[in-house]
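Visitor: Have a look at this one.
The values are calculated or read from the model by the stated rules, or taken from the named source; none is laboratory data. Predicted model, so just to flag it, every value in this text is computed and none were measured. In this analysis, Cβ positions are derived from the backbone assuming ideal geometry, glycine residues included, and neighbour counts consider all displayed protein chains.
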Amino acid sequence: MEQAALNKLLTYLPPEVREAVRAVFTVQQQAIAQRDEVIESLEQRIKELEAQLNQNSRNSSRPPSSDGPKKPRTGKGGKKGKKPGGQPGHKGSTLKMVPSEEAKIENHYPPSCSGCGAGLSSQPSLGYERRQVFDIPPIKIEVTEHRAHYACCPCCGERTQSSFPAEATNNAVYGPNLRSMASYCMAYQLIPYERTAELLSDLLGQPVSQGTLDNMLSQASAGLECFVEQVIKCLQQEEVAGFDETTVRAQGRQAYAHVASASKHTFFYLGNRGYATMDEMGILPEFKGIAIHDRYANYFGYNCEHGLCNAHLLRDLEAVIEQSSDYWACELQQLLKNINKAVKRAKAQGKTAFSASHCAQYRQRYMNWVKAGLKLHPAVEKLPGSKGPPKQSKNHNLLTALQDYADEVLRFMYDFRVPFDNNRAERDIRMLKVKMKISGFFHTLETGNRFLRIRAFLSTAKKQGYSAFEALKQLFSPKADEFIWKLVWGMCQCG
């Protein structure tokens with residue numbers, strides 16, 4: 001009730017009760033106002049909790065593995081009108097027969113007539129049909145004994161011994177192929193020590209202790225000191241590189257694994273999340289190219305150009321659409337997708353950039369939708385007497401970031417070298433989450449970085465067309481340094 005209407009009604013009451021009624025009414029109005037504040041606060045809290053419950057890999061940075069059994073179907077079998085399996089035009093990988101010269105031949109002759117039963121063993125062949133079985137021979141460990149003989153010089157009488165091959169470092173040691181296989185199982189396929197030991201024992205009939213397996217990983221990591229030094233220098237000189245980080249358990253606490261990823265090279269480093277670890281990693285302090293990342297504030301502390309991962313922003317906008325159906329979020333999401341399609345078309349036509357006017361039109365549309373969103377979600381003003389800045393809504397914070405970092409969001413539009421998203425770095429670092437699910441943690445930061453050095457080496461090799469097993473065989477061979485040099489500088493854009 002408005003104050004004027006209340007005063008009019010109070011005039012009909014005796015003076016002695018008029019003030020009492022006024023006081024009761026005032027108390028009631030205050031109670032109602034307090035209740036409305038509580039209801040509004042609870043409604044806002046319910047919205048926030050519902051938003052958290054509705055988070056998935058499509059509207060947040062949560063990994064697809066966290067979606068659970070109710071994960072929406074996507075991909076080949078989830079799109080309307082498409083059946084599961086290979087789609088029309090898909091290049092198949094059916095097993096095909098090889099020339100007979102490349103196969104082991106086994107001839108099979110009919111022993112008797114299928115009609116009367118007469119013997120046919122003495123009859124010549126009238127032709128044959130072919131079928132080929134692809135299989136592996138029985139696996140058996142092979143022991144090679146190397147004998148370094150002595151010889152006496154007929155001229156001076158000096159007694160000289162031959163040299164042992166590089167792999168024969170002691171009386172009885174495991175060879176490079178077995179070490180490559182063990183390291184491949186542990187570092188690439190992420191099989192734990194115990195299961196790797198069991199696998200080798202089952203396949204080879206040779207028990208290998210977990211301590212020996214750990215030594216093999218140490219040997220592999222020690223052989224990569226040159227790789228680490230050189231790949232850091234190469235990544236420092238990249239024109240465009242992606243950077244990301246993810247949480248892992250190490251040394252009984254939460255740690256962060258950082259990745260620097262380019263088209264042909266990868267490097268990981270384990271430590272904390274802050275500047276100290278990023279400086280120890282050694283890439284960003286000297287990096288002068290364009291760093292693609294997810295808007296983590298520390299990246300902006302380095303003196304280089306920046307580009308933001310638009311896949312993250314599309315998911316943030318998807319969350320806004322699902323929660324409130326704001327029109328600006330729908331339009332902005334579609335605009336970013338359309339610009340990305342236009343960039344792809346221009347690249348296919350051999351273009352390296354849009355015209356200045358073309359970029360200006362896209363940017364103007366982008367800023368118009370951001371400003372429209374800010375009108376719907378203005379900043380919360382600081383209340384008199386309150387300490388610190390007021391808490392802003394998630395939508396306002398997102399819009400502020402889209403406005404303040406417009407150059408970084410649209411970097412892919414201005415410079416076609418810049419990717420639309422940071423998927424390359426995210427793919428490189430994703431397997432660490434699988435490692436954590438299998439093993440749970442690293443005992444120390446040192447063992448974690450030992451593992452990550454090998455992963456960086458294998459990722460770099462894979463990007464350049466080598467299989468992981470082939471790369472590990474090269475690492476355990478006498479030509480390891482030559483292979484590493486070729487791997488780092490042979491494909492480096494600046495090398």
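Visitor: Which one of these does Lys375 not meet: (1) at pLDDT 95 or above; (2) exposed (fewer than 13 other Cβ atoms within 10 Å of the Cβ); (3) more than 27 Å from the chain's Cα centre (by Cα)?
Guide: Condition (1) is where Lys375 drops out.
Visitor: Would you be able to say whether some residue in segment 113-128 is outside any loop (DSSP other than H, G, I, E, B), under 30 Å from Gln206 (Cβ atoms) and without any contact (Cβ under 8 Å) to a residue 40 or more places away in the chain?
Guide: No, because not a single residue in segment 113-128 is outside any loop (DSSP other than H, G, I, E, B), under 30 Å from Gln206 (Cβ atoms) and without any contact (Cβ under 8 Å) to a residue 40 or more places away in the chain.
Results for (1) assigned to a helix (DSSP H, G or I); (2) in contact with a helix residue (DSSP H, G or I) (Cβ under 9 Å, 6 or more places away or on another chain); (3) assigned by TED's automatic domain parsing to the domain that holds Ala255, shown as yes or no for each residue.
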{"residue": "Cys156", "(1), (2), (3)": "no, no, no"}
{"residue": "Ser163", "(1), (2), (3)": "no, no, no"}
{"residue": "Ala168", "(1), (2), (3)": "no, no, no"}
{"residue": "Leu199", "(1), (2), (3)": "yes, yes, yes"}
{"residue": "Ala241", "(1), (2), (3)": "no, yes, yes"}
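Visitor: Can you give me the number of residues within segment 343-367 that are of a type outside the set (Ser, Thr, Tyr), without any contact (Cβ under 8 Å) to a residue 24 or more places away in the chain and assigned to a helix (DSSP H, G or I)?
Guide: 8
Let's see how each residue does on (1) crowded, with 20+ Cβ neighbours inside 10 Å; (2) of a type in the set (Ser, Thr, Tyr); (3) out of contact with any Phe, Trp or Tyr (no Cβ under 6 Å at 6 or more places or on another chain); (4) under 28 Å from Val248 (Cβ atoms):
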site	(1), (2), (3), (4)
Glu408	yes, no, yes, yes
Arg417	no, no, yes, no
Arg427	no, no, yes, yes
Ile484	yes, no, no, yes
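Visitor: Kindly list, by first and then second residue, each pair from a residue in segment 321-342 that is in the same structural domain as Trp369 (by TED's automatic domain parsing) to a residue that is outside any helix (DSSP H, G or I), limited to pairs with Cβ atoms under 8 Å and residues at least 6 apart or on different chains.
Guide: Close Cβ pairs (under 8 Å, with a partner that is outside any helix (DSSP H, G or I)) amount to Glu322/Asn54; Glu322/Asn59; Gln323/Asn54; Ile339/Leu410; Asn340/Phe420; Ala342/Phe354.
Visitor: Next question. Just to check your reading of the model, which residue among Phe412, Phe354 is surrounded by 20 or more Cβ atoms within 10 Å (Cβ to Cβ) and among the aromatic types (Phe, Trp, Tyr)? I'd like the intermediate steps shown before the answer.
Guide: On the way: Phe354 fails: surrounded by 20 or more Cβ atoms within 10 Å (Cβ to Cβ).
Matching residue, one of Phe412, Phe354: Phe412.
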